[in-house]
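**Student:** Here it is, the structure, as structure tokens.
Derivation of every value follows stated rules applied to the coordinates shown; laboratory data play no part. Fair warning: this is a prediction, and the values are worked out from it, not measured in the lab. Cβ coordinates were reconstructed from backbone atoms using ideal geometry, including for glycine residues, and neighbour counts include every protein chain displayed.
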Amino acid sequence: MILPCLFVSPAENMGRGVFTSEKIKANTIVEIAPVIVMNDKDRKLLDQTLLHDYIFEWDIKKCCMALGYVPLYNHSYSSNCEYEMDIAAELIRIKTMRTIKAGEELFINYNGDWNNKKKLWFDAK
């Protein structure tokens, strides 16, 4: 499930990103995406490809590739959304943490918690 108001568009200095064409209220689930779970052996292969930048840590010694728009949400330490992993159902949900204006980009924090300021492996805003 992806809200129909979401769209992918170029994001300044970040490649592509996820944006909204309509105002979205705080605490709204904007996307529920299935994931493809991979084991440690697969992870070692993925780490040698560009896909390494788009996977999520998943359970112990596993990673996953989320489908839908999830891999395209850019990072911000001041994110306006958070992601929640449902290990049993093999899903990731994206939820707004505040009201988002029409035309605004939706961000997640790659640290897992929407307000976690821990430095990442790349230079981020």
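**Student:** Summing +1 for each Lys or Arg and -1 for each Asp or Glu, what net charge is found among the other residues whose Cβ lies under 12 Å from the Cβ of Ala102? Write down the numbers at each step before the final one.
**Tutor:** Numbers: positive: Lys23, Lys101; negative: Glu22, Glu104, Glu105.
Residues near Ala102 contribute -1 overall.
**Student:** In the chain, if the dipole is taken from +1 on Lys/Arg beta carbons and -1 on Asp/Glu beta carbons about the Cα centre, which of Tyr110, Leu50, Ala26 is farthest to the positive end?
**Tutor:** Working it through, the farthest residue towards the positive pole turns out to be Ala26.
**Student:** If you don't mind, another one. Filter the GluC sites (Glu not before Pro) in region 8-77 down to the DSSP loop ones having no more than 13 other Cβ atoms within 10 Å, then list what survives.
**Tutor:** Taking region 8-77 and a limit of 13 other Cβ atoms within 10 Å, the loop GluC sites (Glu not before Pro) found are Glu12, Glu22.
**Student:** What are the trypsin sites (Lys or Arg not before Pro) within region 17-85 that DSSP puts in a loop, where the Cβ has at most 10 other Cβ atoms within 10 Å?
**Tutor:** The qualifying sites are Lys25, Lys61.
**Student:** What dipole magnitude, in Debye to the nearest 20, does the chain give about its Cα centre under +1 on Lys/Arg Cβ and -1 on Asp/Glu Cβ?
**Tutor:** Approximately 240 debye in magnitude.
**Student:** Ile2 versus Asp47, label points 7 Å from Cα toward the beta carbon: distance in nm?
**Tutor:** 3.0 nm
**Student:** With the cut-off at 20 Å, tell me which of the pairs Lys41/Lys61; Lys62/Lys95; Lys41/Lys95 have Cα atoms farther apart than that.
**Tutor:** Table pairs above 20 Å Cα-Cα are Lys62/Lys95; Lys41/Lys95.
**Student:** Shifting gears a bit: For region 1-112, what's the relative contact order in percent, using C-alpha pairs closer than 8 Å and at least 6 residues apart?
**Tutor:** Values: 236 pairs, mean separation 39.1, N = 112.
Value for region 1-112: 35 percent.
**Student:** Next question, about the same structure. On full extension of the chain, what length is gained from Ile29 through Ala11, given 0.36 nm per residue of separation minus the C-alpha to C-alpha distance?
**Tutor:** That pair, Ile29 and Ala11, stretches by 4.3 nm at full extension.
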